[in-house]
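Visitor: Mind looking over this structure? Questions follow.
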Amino acid sequence: MRIPEDRLRRLELKVTGRLDGLLGGEHLGLLPGPGSELAEARAYQPGEDDVRHMDWSVTARTAVPHVRDLIADHELEAWALVDLTASMDFGTADYAKRELAVAALAAVGFTATRLGDRVGAYLMQRDGLRRRPARTGRTGLYSLLREVERTEIGRGSMGLAAAITSLDRGQRRRGLRVVISDFLDTSAWEGPMRRMAARHQTLAVEIIDPRELDLPSGGGLVELTDPETGTIQEIMLTPRVAAAYREAASAQRAANAAALRRAGAAHLVLRTDRDWVIDIARFALRRRRLGSRT
């Protein structure tokens with residue numbers, strides 16, 4: 001499915017009109033100028049990298065094809081890890097969780113590209129982790145947003161911890177790192193997040209649907225399905241069960257918030273029943289006020 005051009009333009013207008021200047025912050029640095037600084041060598045990606053950038057010395061030493069890009073002086077990169085596993089294909093309010101993932105990526109991407117920085121992404125999908133190269137300009141970002149929206153969601157073959165590790169190891173140049181997920185994954189992602197945040201400014205965007213926090217009112221037999229495993233369980237919904245569910249869901253979200261604090265990552269929560277523009281704007285303003293005090 002191809003996202004209509006006018007829809008992408010409306011999304012861009014929301015970001016540049018209502019969030020203009022709020023997400024830029026100090027991490028974006030100076031505008032890139034002409035330069036020929038060599039980036040660190042990285043593995044060659046067939047179909048994505050220019051063979052003219054092959055680093056033959058590293059390739060010969062490792063027996064694995066490597067490339068080495070030329071980057072402009074002072075240029076920074078924003079890289080996002082976008083969770084497109086089965087639990088993100090859900091939404092019971094104004095948005096689906098995937099729509100908020102696109103919105104979060106757009107908020108970071110349009111701000112960065114307007115200042116001349118490059119934006120790339122790693123997409124967690126059912127057939128593994130897919131890397132989309134960092135590019136400048138609206139055309140590259142439009143292409144990335146289209147891919148995130150049209151990617152078929154399914155049960156992921158890689159946990160969040162492994163995906164964060166791949167992003168951290170695959171992109172060594174300092175810059176902004178954004179992890180967009182519902183953080184329902186129970187893999188031990190705090191350690192990889194901490195290691196990444198030690199080198200890069202790191203933002204975790206947690207996407208929540210209200211039905212994940214509370215069961216519907218009423219009683220009777222309810223069928224619950226785990227989207228990541230396909231496991232189906234029937235429960236008898238009673239006030240006591242509903243209260244236990246609320247308590248467990250609240251504890252899980254609190255644990256996520258505590259883990260992100262310990263890891264040193266900024267934490268933005270977007271909900272499918274709220275205006276994401278307002279939530280991002282409030283988050284950015286809080287961060288700026290905190291920065292001005294410290």
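Visitor: Looking only at the stretch 149-186, filter to residues that are of a type in the set (Val, Ile, Thr) and either surrounded by fewer than 22 Cβ atoms within 10 Å (Cβ to Cβ) or out of contact with any helix residue (DSSP H, G or I) (no Cβ under 7 Å at 6 or more places or on another chain) (or both); which one of those is nearest to residue 80 (Cα to Cα)?
Guide: Once the filter is applied, the top-ranked residue is 165.
Visitor: If you don't mind, another one. Listed residues 196, 236; which is out of contact with any Asp or Glu (no Cβ under 8 Å at 6 or more places or on another chain) and on the phi < 0 side of the Ramachandran plot?
Guide: On the way: 196 fails: out of contact with any Asp or Glu (no Cβ under 8 Å at 6 or more places or on another chain).
Of 196, 236, the one residue that is out of contact with any Asp or Glu (no Cβ under 8 Å at 6 or more places or on another chain) and on the phi < 0 side of the Ramachandran plot is 236.
Visitor: Tell me, yes or no, whether the stretch 80-97 has at least one residue that is open to solvent by 40 Å² or more (accessible area, probe 1.4 Å) and in contact with a strand residue (DSSP E or B) (Cβ under 8 Å, 6 or more places away or on another chain).
Guide: yes
Visitor: Quick check: anything in the stretch 187-198 open to solvent by 10 Å² or more (accessible area, probe 1.4 Å) and in contact with a strand residue (DSSP E or B) (Cβ under 6 Å, 6 or more places away or on another chain)?
Guide: no
Visitor: If you check residue 116 against the conditions, is it over 12 Å from the mean Cα position of the chain (by Cα) and touching a residue at least 60 places away in the same chain (Cβ under 8 Å)?
Guide: Answer is yes for this residue.
Visitor: For the stretch 212-294, list the strands (runs of 3 or more DSSP E) that sit wholly inside it and hold at least 2 residues that are surrounded by fewer than 13 Cβ atoms within 10 Å (Cβ to Cβ); which are they?
Guide: Once the strands (runs of 3 or more DSSP E) in the stretch 212-294 are filtered for at least 2 residues that are surrounded by fewer than 13 Cβ atoms within 10 Å (Cβ to Cβ), what remains is 220-225, 232-237.
Visitor: Do we find that residue 139 is under 30 Å from residue 9 (Cβ atoms) and in contact with a helix residue (DSSP H, G or I) (Cβ under 9 Å, 6 or more places away or on another chain) in this structure?
Guide: No.
Visitor: Now for a different question. Would you check if residue 173 is at pLDDT below 90, in a loop (DSSP other than H, G, I, E, B), more than 21 Å from residue 96 (Cα to Cα) and basic (Lys, Arg)?
Guide: For residue 173, the condition - at pLDDT below 90, in a loop (DSSP other than H, G, I, E, B), more than 21 Å from residue 96 (Cα to Cα) and basic (Lys, Arg) - is met.
Visitor: Which residues, counting only those in the stretch 47-72, are open to solvent by 60 Å² or more (accessible area, probe 1.4 Å) and either touching a Gly at 6+ places or on another chain (Cβ under 8 Å) or at pLDDT below 80 (or both)?
Guide: Once the filter is applied, which keeps residues that are open to solvent by 60 Å² or more (accessible area, probe 1.4 Å) and either touching a Gly at 6+ places or on another chain (Cβ under 8 Å) or at pLDDT below 80 (or both), the stretch 47-72 yields 47, 51, 52, 53, 57, 61, 68, 70.
Visitor: Now for a separate question. Can you pull out the residues in the stretch 226-280 that are aromatic (Phe, Trp, Tyr) and either closer than 18 Å to residue 185 by Cβ or in contact with a strand residue (DSSP E or B) (Cβ under 7 Å, 6 or more places away or on another chain) (or both)?
Guide: Hit for the stretch 226-280 is 276, nothing else.
The values are calculated or read from the model by the stated rules, or taken from the named source; none is laboratory data. Note that this is a predicted model, so its numbers are computed, not measured. Using ideal geometry, Cβ is built from the backbone for each residue, glycine included, and neighbour counts are taken over all protein chains shown. We work out accessible area using only protein heavy atoms, side chains counted, and drop any ligands, DNA or RNA first. Shrake-Rupley method; radii C 1.70, N 1.55, O 1.52, S 1.80 Å.
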